[in-house]
Amino acid sequence: MPLMRTLQTGWLRWQGRIALLLGRQTEALRAFERLSALSPDDVHALASRAQLEELRGGHERAIELQREVARRRPAQAAGWFNLGFMLEKADRLEDARAAFAEATRLSPSLDRAWYGLGLVLIRLRRFDEAVEALRKNTELQPMSPYGWYQLARVHVDRQEPEEAARIIRHLREFEPKVAAQLERETGLRTAPSA
C-alpha cells in the first residue's frame, strides 16, 4: 500500500474512532464508509459500518454488511455472533439460529453465543435444544444469572417445575433478587438449600 494511501486510511480510521468517542454516529459512519471505499478489503471498517447502521436503525443494511463480514472472515466467531444478534433482533429466527450455531461451532467457549442460541431456540419453541445451549452457557458463566434465569423459564415451559425450583435454589445462593423474581413469575415457592 503506497504511503499516501496508508496515511489516508489511518486518518479515516482515527476520524471514525474520534467521532464515536464524541457520540457522533453519523460522522463515524461516513468516515468508515470513506475508509471502505479507499480500502475495500478492510473488514474492520465493514464491521464498524454494520454496527453503526444497526445503532441508527438501518437493520437490513446492518445485516447485509455483517453478513459480508462473516463471509469474508468465515473462521471468526465474533462475526457470526454479531450477525446472529442482528438477525434475532430482526425476528429472522432461523437465520439467527444458524449464525449463533456457527459461532458456537467456531468458538465453543463463546458464552454469549450459547446464550444467544438459547434465546433464539426458546423463541422457536425448540425447548430441548434451548436447554442444551443454556446449560453450556451456564457452564461457561456459572455466576451470571442470565443463563440460569432463562434455563429455569424453559424448564417451566417444559412442565418440569422441579428442575426450575432447583435452579431457583441455586440462584438464591448468589443472586437472591433474580431467584425471588423467578419465584414471582413462575409461582414456584422454594425452600432455601440445606
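The values are calculated or read from the model by the stated rules, or taken from the named source; none is laboratory data. All values derive from a computational prediction rather than experimental measurement. Cβ coordinates were reconstructed from backbone atoms using ideal geometry, including for glycine residues, and neighbour counts include every protein chain displayed.
If only residues of segment 55-93 that are among the small types (G, A, S) and more than 19 Å from L110 (Cβ to Cβ) are counted, the one that is surrounded by the fewest Cβ atoms within 10 Å (Cβ to Cβ) is G57. Checking each residue of segment 84-102 against the condition of being more than 19 Å from A133 (Cβ to Cβ), modelled with pLDDT of 95 or more and in contact with an Asp or Glu (Cβ under 7 Å, 6 or more places away or on another chain) gives no match. Scanning segment 153-188 for residues that are without any contact (Cβ under 8 Å) to a residue 24 or more places away in the chain, of a type in the set (A, V, I, L, M) and out of contact with any Ser or Thr (no Cβ under 6 Å at 6 or more places or on another chain) yields a total of 3.
Just one of the listed residues (E33, E53, E68) is of a type in the set (D, E), assigned to a helix (DSSP H, G or I) and either under 30 Å from E132 (Cα atoms) or in contact with an Asp or Glu (Cβ under 8 Å, 6 or more places away or on another chain) (or both), namely E68.
When segment 29-44 is filtered for residues that are under 17 Å from Q66 (Cα atoms) and touching a Gly at 6+ places or on another chain (Cβ under 6 Å), only F32 remains.
Against the conditions (1) more than 18 Å from the chain's Cα centre (by Cα); (2) modelled with pLDDT under 95, L55 satisfies every one except (1). Scanning segment 104-142 for residues that are outside the structural domain of W80 (by TED's automatic domain parsing) and within 18 Å of Q181 (Cβ to Cβ) turns up L134, T138. Of the residues examined, R166 is one that is surrounded by fewer than 22 Cβ atoms within 10 Å (Cβ to Cβ), at pLDDT 95 or above and not assigned by TED's automatic domain parsing to the domain that holds A75. Evaluating P74 against the criteria (1) free of Cβ contacts under 8 Å to residues at least 24 places away in the same chain; (2) part of a helix (DSSP H, G or I) leaves one unmet condition, (2).
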